[in-house]
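Worksheet: the structure to be examined is printed underneath.
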Amino acid sequence: MKKVKNSTDIHQKQGLEQSKKLYRSTTEQAKRLDDARSCARTISDLFTPNLQMQRRKFCEYCERLIFSDPVLYGKKGEELLWRKGHYDVVSTAKKLKKKEYTENEICNILAHINSGIGFYHHMISKLQCEFNLNLTHVIDFSMGGTYGKSDVRTECLEWANLSVHQCLIYLGDLNRYKLEINPKIEATLAFRYYLQAISFKSDHGMPHNQMGTLAMNQNKFLDAVYHYMRCLACTVSFDGTTNNLHSLFDKNSKYLEQLPMEPNPDTNTQDDHLKRFISRFLLLIDIWYFNKKVAKVYSLCHQTYKDLEECLQIKTSNGSCESPTGSESVETDLTEQLNNDMIFKMIVICLLCISKLQKTNQHQVSTAVAFTLAIYSQLVQNVTNHIQESVLNYPLPEVEVKIEQNGVVKDLLKKNKKKRNASQLRRRKALPVEIESDDSEGENDDGIDSDSDSSDSFVSDSENILAESSDDETDVKKSDDSVNDENNDKNVEDKIDVIKKLKRMDVNDMLEIITEQSSLQAIKIINDWLMQDTEIIKSCGTSTRSLLRQITNMLNLININIKSTKISGIKLDVNNVIKNEEKIPLSEDIVLKGIDILEKAHKNMDWNYLHKHGMNTKEESVTRIVKFMAFGKFLTGIEETGITFDERKNVFVCKCDENDENKATNSVVEDLEMQEGESGHVISDKFDDKDQLMKMKHMGQLWLASEVRALENRVKGKASLSPYLVLDADALIKYTFMVKHFVQSRKFIVLIPSAVVQALDDLKREQSEARDAIRWLESQFHRGNRFFRAQRPQERAAIPFIKYPKKRDKEMSMYIQIIECCYYLAEQQKGAANLITLLIGNQNVLSNGENKEFSYVGLAQSAGISIESITQFYSKWKKSYKTRR
């Protein structure tokens, strides 16, 4: 009897035969294209009408092959289509390029690339239609509605999704090739497609590798390292990325070798500070990531830490509010100061290093953790200072506003109340606040760090600073130690001012201040990491509470009443956000989706939440505050931290025993120095229970050492530097950031003579820098600051026994008036040595420039005034500061 064949089997067999024929035709066509390409002698030979027609046919064959049998021939067809139809043409054109592309060659290549871009857009649309893919929130050019088959096989669906991902990478590559042909074209389109590919398949690292290549000239290799390390951290990484990363680290090492050991203060710029910091930072990452044996790692950590401190000071002086989770920066390497995008990437790089070291159980992991905590500490303090400064600069309302109590933390505490046992509940009893004040002023007392070494530079607008400054200046003249005592008193005054103003500020203004702190995104990422590695938190509580106190202060500053009905511009249900905060992703979470070291933090997140509900900047800031309060609630649940929440005053309280802290600090540093002296690098301990105490000490090594040096600084005598600094116009115009550092340090009284103000006014039409300096002076004088003031009318005295020239130009008149101002101040405190230093911004003035008859230096010396270049004085101050630390 004859066997009857199933009609389905017959169709499948016919389809398979047809796919085989298509595959043979496609490979034959590919060989013809290869032969024609190998015969090309000029770029024009690649774009003959005949060859372009062949390529068009080849693309059609590939498309038919791909969709005829996606499971069997889909991947092969994709690779052939990309390689022979698009990539090989561009790569051959590069090889045939002589010196520069001609206009005709550029037109041909760009037309070819644009044709490829159009083709892959078509491919994605066809994949969406054929396999009924929902790409609405994946790509920004998807077609709405449902099409095609509803009963697609699982294998076909998996291939279709991967094919869309690959098409997005191809689109990014084609746009990247445009940049190589014409560098003036912006790279935003290339980044756009790569980012969409990452969003669609976060476990595939290829887009990050391509972005690393594209970002090679951005931020001194930092962006490229970030993307290469993100690629290697993905489940499906690219094989060539490790070599790319090695090559990049080699380039960085060679660059670092060319830098002088100590920067030249006369030529050192903001950009030099940043380059030095990033180069040292990347060297550390190279050592840790590839587990290299290098001596004196701790010293390198400390140098890098100090470089970061310097860069953050410059950033604070100049202001920077770039968001790290916005669109990728596409500018070439023009950044002259540390921005928030770079800080965010640094934090992620550190976490990726720690993750890799933990997986391989390397002994350097505790050093990497300590360094990350050191950066975290600086960022937390930096944000705290920014918020305090903004609050102090806020104009007070005439009538005190009664602020509603913020119940966010209480709600968070109630959320898991049933899960907690009685011992955990007992830990929530409130401890006395650190700053004594009455109940009406104590709501946020713990929100301010009374031991901060780098507190804000301004005081309350309600204080009459100029009226009190003469007494303060007398104290400064008596001794340098009195300046320190006054600074400490001043810090407490400022913090009380912050507390008072927080109570009277409009909640919308406070929310705006917090929203401006883009560094909170990087801090939030570290919070997530710490919440899933409680041993690190416990180590901080055991070794020192310095970092925990900083965290507490920051939490209290941002613990505003986000449940207030007065907040405008948000449609969020805050109670719902509090209830579901673990499920709501922020922009920084979406950027880091798929990173294993944050796996627990991302475990319960609804990644489609933002697509469903949307969220503006203000709403995102409110959600971030809720997450920070959740972190604070988490800290209260760890007994070792000593952190509790005072529900009556609505503040976090950090229990602090300074004697225990100093003792632990000293023992850690002594232990670290002994280990480094013996072995050449810090040797960390195993992660077992027996050595847990030593491991805890290592976690805080870097910033603990910094704390000890700060304490020693308060005890030891200081370098002989004048308490009064008088500036000329060039110093203000050319070295504004140095002047800002002097003011913010609160170690000097910086005085601006009236003649300098007049000189700036004369220069404002010619120099934009003079206008900037005038605006800055006006803002500072308006705010009031006892460490920065203008010359008073009576503060000028003629220098006896000196005959002034009858003919004076503007410059000579200005410097004579400046030195007479200095002489008046010196005469008020006769017998005091090195009381005043005149800082000059123009080196020619010290050599007397073109004036051969009259010496400014001689006039200053006859008046008993030191005169010095501002760059030299700044360098001397910084060196003495580092030595004391």
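The values are calculated or read from the model by the stated rules, or taken from the named source; none is laboratory data. Here the structure is a predicted model, which is why all the values come from computation and not from measurement. Using ideal geometry, Cβ is built from the backbone for each residue, glycine included, and neighbour counts are taken over all protein chains shown. Protein only, heavy atoms only, side chains kept; ligands, DNA and RNA dropped before computing areas. Shrake-Rupley method; radii C 1.70, N 1.55, O 1.52, S 1.80 Å.
If a residue has to be small (Gly, Ala, Ser) and within 24 Å of Asp762 (Cβ to Cβ) to count, how many in the range 799-832 make the cut?
1
How do the pairs read when you match residues in the range 19-35 that are more than 21 Å from Phe47 (Cα to Cα) with residues anywhere that are open to solvent by 40 Å² or more (accessible area, probe 1.4 Å) and part of a helix (DSSP H, G or I), using Cβ under 8 Å and keeping only pairs 6 or more apart or on different chains?
Ser19/Ser68; Ser19/Leu72; Leu22/Tyr61; Leu22/Arg64; Leu22/Ser68; Tyr23/Lys76; Ser25/Tyr61
Can you tell me how many residues in the range 769-793 are of a type in the set (S, T, N, Q) and out of contact with any helix residue (DSSP H, G or I) (no Cβ under 8 Å at 6 or more places or on another chain)?
Looking only at that region, the number is 1.
State all residues of the range 184-209 that are open to solvent by 40 Å² or more (accessible area, probe 1.4 Å) and either in a helix (DSSP H, G or I) or in contact (Cβ under 8 Å) with a residue 40 or more places away in the chain (or both); if no residue qualifies, say none.
Within the range 184-209, Glu186, Thr188, Leu189, Arg192, Leu195, Ser199, Phe200, Lys201, Asp203, Met206 qualify.
Checking His204 against (1) within 28 Å of Ile106 (Cα to Cα); (2) touching a Cys at 6+ places or on another chain (Cβ under 7 Å), which single condition isn't satisfied?
Answer for His204: the failing condition is (1).
Could you grab me the full set of residues in the range 862-875 that are at pLDDT 85 or above and not in a strand (DSSP E or B)?
Ile865, Ile870, Thr871, Gln872, Phe873, Tyr874, Ser875
Are any residues in the range 355-364 at pLDDT 90 or above and either under 16 Å from Leu282 (Cβ atoms) or surrounded by 22 or more Cβ atoms within 10 Å (Cβ to Cβ) (or both), and if so, which ones?
Within the range 355-364, Lys356 is the sole residue that qualifies.
Are any of the residues in the range 211-225 open to solvent by 20 Å² or more (accessible area, probe 1.4 Å), at pLDDT 90 or above and in a loop (DSSP other than H, G, I, E, B)?
no
Hey, can you tell me all the residues within the range 594-612 that are touching a helix residue (DSSP H, G or I) at 6+ places or on another chain (Cβ under 9 Å) and either part of a helix (DSSP H, G or I) or open to solvent by 90 Å² or more (accessible area, probe 1.4 Å) (or both)?
Hits for the range 594-612 are Asp596, Ile597, Leu598, Lys600, Ala601, His602, Leu610.
Considering each of Ser279, Ser237, Ser247 in turn, give the residue that is within 29 Å of Ser745 (Cα to Cα), among the polar types (S, T, N, Q) and modelled with pLDDT of 90 or more.
Testing whether each residue is within 29 Å of Ser745 (Cα to Cα), among the polar types (S, T, N, Q) and modelled with pLDDT of 90 or more leaves just Ser279.
Mind telling me which of the residues Asn785, Asn834 ends up being in contact (Cβ under 8 Å) with a residue 40 or more places away in the chain, buried (at least 17 other Cβ atoms within 10 Å of the Cβ) and of a type in the set (S, T, N, Q)? Lay out the reasoning, then the answer.
Working: Asn834 fails: buried (at least 17 other Cβ atoms within 10 Å of the Cβ).
Just a single option satisfies the conditions, and that option is Asn785.
Read through the list (1) buried (at least 23 other Cβ atoms within 10 Å of the Cβ); (2) of a type outside the set (Asp, Glu); (3) in contact with a Lys or Arg (Cβ under 9 Å, 6 or more places away or on another chain); (4) not in a helix (DSSP H, G or I), then give the number of the only condition that Ile562 fails.
With (1) buried (at least 23 other Cβ atoms within 10 Å of the Cβ); (2) of a type outside the set (Asp, Glu); (3) in contact with a Lys or Arg (Cβ under 9 Å, 6 or more places away or on another chain); (4) not in a helix (DSSP H, G or I) applied to Ile562, the lone miss is (3).
Go through the range 489-544 and tell me which helices (runs of 4 or more DSSP H), entirely inside it, have 3 or more residues that are within 27 Å of Ile343 (Cα to Cα) and at pLDDT 90 or above.
Ranges flagged: 507-515, 519-531.
Against the condition open to solvent by 40 Å² or more (accessible area, probe 1.4 Å) and at pLDDT 90 or above, how does Lys418 come out, does it pass?
no
Looking only at the range 29-46, filter to residues that are open to solvent by less than 20 Å² (accessible area, probe 1.4 Å) and in a helix (DSSP H, G or I); which one of those is nearest to Leu162 (Cα to Cα)?
Here the residue is Ala30.
For the structure I just gave you, tell me whether Arg808 is open to solvent by 40 Å² or more (accessible area, probe 1.4 Å), in contact with a Cys (Cβ under 7 Å, 6 or more places away or on another chain) and more than 15 Å from Asp728 (Cβ to Cβ).
For Arg808, the condition - open to solvent by 40 Å² or more (accessible area, probe 1.4 Å), in contact with a Cys (Cβ under 7 Å, 6 or more places away or on another chain) and more than 15 Å from Asp728 (Cβ to Cβ) - is not met.
Considering only the range 578-593, how many residues are in a helix (DSSP H, G or I) and surrounded by fewer than 21 Cβ atoms within 10 Å (Cβ to Cβ)? Walk me through how you get there before you give the answer.
The initial filter retains those residues of the range 578-593 that are in a helix (DSSP H, G or I), namely 578-579, 587-591.
When the remaining residues are screened for being surrounded by fewer than 21 Cβ atoms within 10 Å (Cβ to Cβ), the result is 579, 587, 590.
Final tally of qualifying residues: 3.
Under the condition of being among the charged types (D, E, K, R) and within 23 Å of Leu168 (Cβ to Cβ), which residue from the range 70-108 is surrounded by the most Cβ atoms within 10 Å (Cβ to Cβ)? Spell out how you get there, then give the answer.
The initial filter retains those residues of the range 70-108 that are among the charged types (D, E, K, R), namely 75-76, 78-79, 83-84, 88, 94-95, 97-100, 103, 105.
Next, only the ones that are within 23 Å of Leu168 (Cβ to Cβ) stay: 75-76, 78-79, 83-84, 88.
Details: Lys75: 15, Lys76: 16, Glu78: 21, Glu79: 13, Arg83: 14, Lys84: 23, Asp88: 17.
Filtering first and then ranking leaves Lys84.
Would you pick out the residues in the range 337-346 that are in contact with a Phe, Trp or Tyr (Cβ under 8 Å, 6 or more places away or on another chain) and at pLDDT 90 or above?
Those that are in contact with a Phe, Trp or Tyr (Cβ under 8 Å, 6 or more places away or on another chain) and at pLDDT 90 or above: Lys345, Met346.
Based on this model, can you work out whether His302 counts as modelled with pLDDT under 85 and within 22 Å of the chain's Cα centre (by Cα)?
Judged against the criteria, His302 is not a match.
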